[in-house]
Amino acid sequence: MNSPVTPFIPVHEYSPEPDIMIEDQHTQSPLRKRARHTSSIDITASESGQLIMVSEESEGPVRDDAYYMADGSCVLRVQNTIFKVHRSILSKDQSFFGPMFTLPQGEFEEGMSDDHPIVLQGDTAEEFKHFLWALYALPSELTIVRSPKADLSRLIDIAKVSSKYSFKSTETWALDAIQEYLERNMSPLFNDNPLIRMFPTLSTRSSALLESEGQIARLIRLAQMCSHSRLMDTMIQLLQKLMSGSLHYSYLAMTLADEFNLRDLRGAAYLEVMQTSVFVCPGAGNSDTYVEGDVQETSEGPQRLVVSPMQQLRLLSGYHRLSRAWDRLRAVPPQFEHAPSCGATWHQHGCTQSWTDFWKEKTRSEGVLNLDCANVLGRLGIIVKEFDKWGSATYMHHDCKSAARRSIHEKVKQIQQALPDYFTEGGEY
C-alpha cells in the first residue's frame, strides 16, 4: 500500500543552522533542511517509505522538450531534466502535490523558476515524462494502451510514479491497462502465446534475456508496491511457466520470492533449481569471474548455477528434508478410511494388506528409483500412474480403492503446500 505522505514544514520555518535534522512530531520521520540560501527542494523517499524533502543546488539541468510549458505554473526537476507543468493538473486525484501547494512559500518560492525548482528524487526523467503523458494525453491518445501497440514499459512507469505520489485513479487505470495487456497476450494462458515468446528461454545470458528478466522483476515489484494481487498472481504463473525453459528464470524466481516473501513461488523455484542444476557459491572452487546468478555450462550433466551462501543452505536443507520425507512415506503408505461396506462384505484386514503390498511394491519400482530420492512429487506422480493401471485388486474393496487413490493426491497436495517450509535454513521440518 502507499505510505502516508510526510507533512511538509513551510520554508520560512527552516532552521537557520545548515544541515539540521527537523523531526515531525506526528510521523517521527526526519526531514533534512538546509539554510535559506538553498536553491531547490528535493523530494525523496526514505527506507521506511516516508517522503522526505532535502534541499540541494541545481547542476545545469536541461528543459524537457515536451513538458516544459510556457504557461506552466510549477517547475520540477527530475535528475537533470526540468519540467514546467500546471499545479492544477498535479493537484488532481487526491495527489501528494495538492497539500504541498497549499503550504506557505519561502522567499525563493520553490517551484516558481528554473533556478529554484522542486526536485523529485527516486525517479528517472523518462519515468516522470511517461507519467506526465498520462496526465496530459488526449482521450484519443490514451486508447493506444488498449491496443496491440501498447508500451508495457511506459505503463509500468506510469503506475510506479502514480503510486509513489498518490495519484489513486491514475494508478488504478495504469494497473488495469497492464493487466489487460498481459491477458491480451496470454490467451489461452501460457499455451504457446505471444507473451511467452516475449521472454526468451535461452541457456546463455543474452541481452534479450537480461531485458526480459528486468521487465519481469519490475512487474513483480510493481505488483508488490501497489498490493495488486491479480497482477502478482499473473506474474507468478508466468515465472512458473518460464522456469522449465531456462535456469536463469528459476534463479530469478527464487531471488524475487525471497525478496518479497512470495510463498508459492518460493517453493516451486527452489524445487526447480534443486532438481535441474548443480548449485555452487562464488569462490567455492570456482573462478572469481563468476557471480551469483551465473549459469555455467558443463560438457555433460546438469548446468551449474552460482547462488548465494544463504540460497545454497536453503537448497541443501530442502534436499535433506525432502529425502527424509520420502523415507517416512515409503515406510508407511498414506492412510484412508475404509468404506462402510468394506467391513460388511469384505475382509477389512485383507483390504488393508492389499493396499500395503501395492505401496511397498511400487515405491521400489524401477521408475520410482530412477528419480532422485528428494524428488518426492515426481515419485508420487509415478505411483499414481501405477495405481491407475492396477486394475481390480482381489482383496481391496472398490470404494476403498477410490479412497486410497484420493489419499495419494492429498499427500501430493500437502507436500506442494509445504514446499516453502522445506527450503528454510536451520531447524527441522
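Please find, among L315, L305, the residue that is touching a strand residue (DSSP E or B) at 6+ places or on another chain (Cβ under 6 Å), part of a helix (DSSP H, G or I) and among the hydrophobic types (A, V, I, L, M, F, W, C).
On the way: L305 fails: part of a helix (DSSP H, G or I).
Going through L315, L305 in turn, just one is touching a strand residue (DSSP E or B) at 6+ places or on another chain (Cβ under 6 Å), part of a helix (DSSP H, G or I) and among the hydrophobic types (A, V, I, L, M, F, W, C): L315.
Among the residues of segment 353-403, which ones are small (G, A, S) and under 15 Å from D327 (Cβ atoms)? Please lay out each step first, then the result.
Of all residues in segment 353-403, those small (G, A, S) come to 354, 365, 367, 374, 378, 381, 391-393, 402-403.
Result: A374, single match.
One residue stands out among those in segment 188-228 that are among the polar types (S, T, N, Q) and in contact with a Leu (Cβ under 9 Å, 6 or more places away or on another chain): the one that is modelled with the highest pLDDT, which is Q224. Of all residues in segment 146-186, those being among the hydrophobic types (A, V, I, L, M, F, W, C), closer than 23 Å to S212 by Cβ and not in a helix (DSSP H, G or I) number 2.
Among the residues of segment 359-376, those that are in contact (Cβ under 8 Å) with a residue 40 or more places away in the chain and either under 19 Å from E410 (Cβ atoms) or surrounded by 19 or more Cβ atoms within 10 Å (Cβ to Cβ) (or both) comprise A374, N375, V376. Pick from segment 232-279 the residues that are among the charged types (D, E, K, R) and surrounded by fewer than 21 Cβ atoms within 10 Å (Cβ to Cβ): which of them is modelled with the lowest pLDDT? Ranking the qualifying residues of segment 232-279, first place goes to D264. Check whether at least one residue in segment 386-405 is farther than 27 Å from S341 by Cβ, over 33 Å from the mean Cα position of the chain (by Cα) and in the same structural domain as V332 (by TED's automatic domain parsing), and report yes or no. There is no residue in segment 386-405 that is farther than 27 Å from S341 by Cβ, over 33 Å from the mean Cα position of the chain (by Cα) and in the same structural domain as V332 (by TED's automatic domain parsing).
Which of the residues spanning segment 63-82 are more than 13 Å from Y136 (Cα to Cα) and among the hydrophobic types (A, V, I, L, M, F, W, C)? Write out each step before concluding.
Quick first cut of segment 63-82, residues more than 13 Å from Y136 (Cα to Cα) only: 63-65, 70-71, 73-82.
Those that are more than 13 Å from Y136 (Cα to Cα) and among the hydrophobic types (A, V, I, L, M, F, W, C): A70, C74, V75, L76, V78, I82.
Here A70 passes the criteria (1) within 19 Å of F167 (Cβ to Cβ); (2) among the small types (G, A, S); (3) assigned to a loop (DSSP other than H, G, I, E, B) except the one numbered (1).
Picking from G72, G111, which residue would you name as being modelled with pLDDT of 80 or more, surrounded by fewer than 17 Cβ atoms within 10 Å (Cβ to Cβ) and in contact with a strand residue (DSSP E or B) (Cβ under 6 Å, 6 or more places away or on another chain)? Write out each step before concluding.
On the way: G111 fails: surrounded by fewer than 17 Cβ atoms within 10 Å (Cβ to Cβ).
None of the other options fit; the residue is G72.
Residue count for segment 140-169 under the criterion of being among the hydroxyl-bearing types (S, T, Y) and crowded, with 17+ Cβ neighbours inside 10 Å: the result is 4. A residue that is of a type outside the set (D, E), over 24 Å from P302 (Cβ atoms), surrounded by fewer than 18 Cβ atoms within 10 Å (Cβ to Cβ) and in contact with a helix residue (DSSP H, G or I) (Cβ under 6 Å, 6 or more places away or on another chain) occurs somewhere in segment 325-335.
The values are calculated or read from the model by the stated rules, or taken from the named source; none is laboratory data. Predicted, not measured: the structure shown is a model, and the values here were computed from it. All Cβ positions, glycine included, derive from the backbone under ideal geometry; neighbour counts span all protein chains shown.
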